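The values are calculated or read from the model by the stated rules, or taken from the named source; none is laboratory data. Worth saying up front: this structure is predicted, and the values here are computed from it rather than measured. Using ideal geometry, Cβ is built from the backbone for each residue, glycine included, and neighbour counts are taken over all protein chains shown. Side chains are part of the model used for accessible areas, which takes the heavy atoms of the whole protein and leaves out ligands, DNA and RNA. Shrake-Rupley method; radii C 1.70, N 1.55, O 1.52, S 1.80 Å.
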Amino acid sequence: MTSHSTSRRTVLFAAAALTTAGCGSDGGGDGGDGGTTAGTPEAPEAPDSPDAPESPEGDGEALARTSEIPVGGGAVFAEEKVVVTQPTAGEFKAFSAVCTHQGCLVNKVADGTIDCPCHGSKFRVADGSVVTGPATRPLPAEQIIVSGETISLA
């Protein structure tokens, strides 16, 4: 019986090693939802497009042009899990798009608030503080860079 147990253990170990080897770092991503990563062909390749935001060299991912973020409002970038607001003309803020109540993603910015569809929490566009619960904690601030007309993740 000992040899059967040992050979079975050896086979299971070998199978685990082969499975792990297939998960190596080949630059092909993590097998997730197919989102883009730096250096992949899915990254924006049309810098000559007038609508494509350009990120200054060395900065984070370009999110939007400043003209796309309304004064007193904002925009949710679900893939990046960030919301960018413009509380007053020329002042841009960014917050996590993950609601502090139960982790849902906020889905819109309207009437001066960032709104979560799950349980109705609302947060101020100026500072991410709670306007209406059930959330009790503000949305955490995120770092952005505004360079010219481009807003990028820091």
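Restricting Val83, Val146, Val131 to residues that are assigned to a strand (DSSP E or B) and free of Cβ contacts under 8 Å to residues at least 40 places away in the same chain narrows the list to Val131.
Residue count for the range 113-126 satisfying the condition of being touching a residue at least 40 places away in the same chain (Cβ under 8 Å) and open to solvent by 30 Å² or more (accessible area, probe 1.4 Å): 1.
The residues of the range 101-112 that are assigned to a loop (DSSP other than H, G, I, E, B) and surrounded by fewer than 20 Cβ atoms within 10 Å (Cβ to Cβ), listed by number, are His101, Gln102, Gly103, Cys104, Asn107, Asp111, Gly112.
Here Gly34 fulfils each of the conditions (1) more than 17 Å from Ser147 (Cα to Cα); (2) crowded, with 17+ Cβ neighbours inside 10 Å; (3) modelled with pLDDT under 85 apart from (2). Note on the range 57-77: among residues that are more than 16 Å from Ala110 (Cβ to Cβ), within 19 Å of the chain's Cα centre (by Cα) and in a loop (DSSP other than H, G, I, E, B), the one that is modelled with the lowest pLDDT is Gly58.
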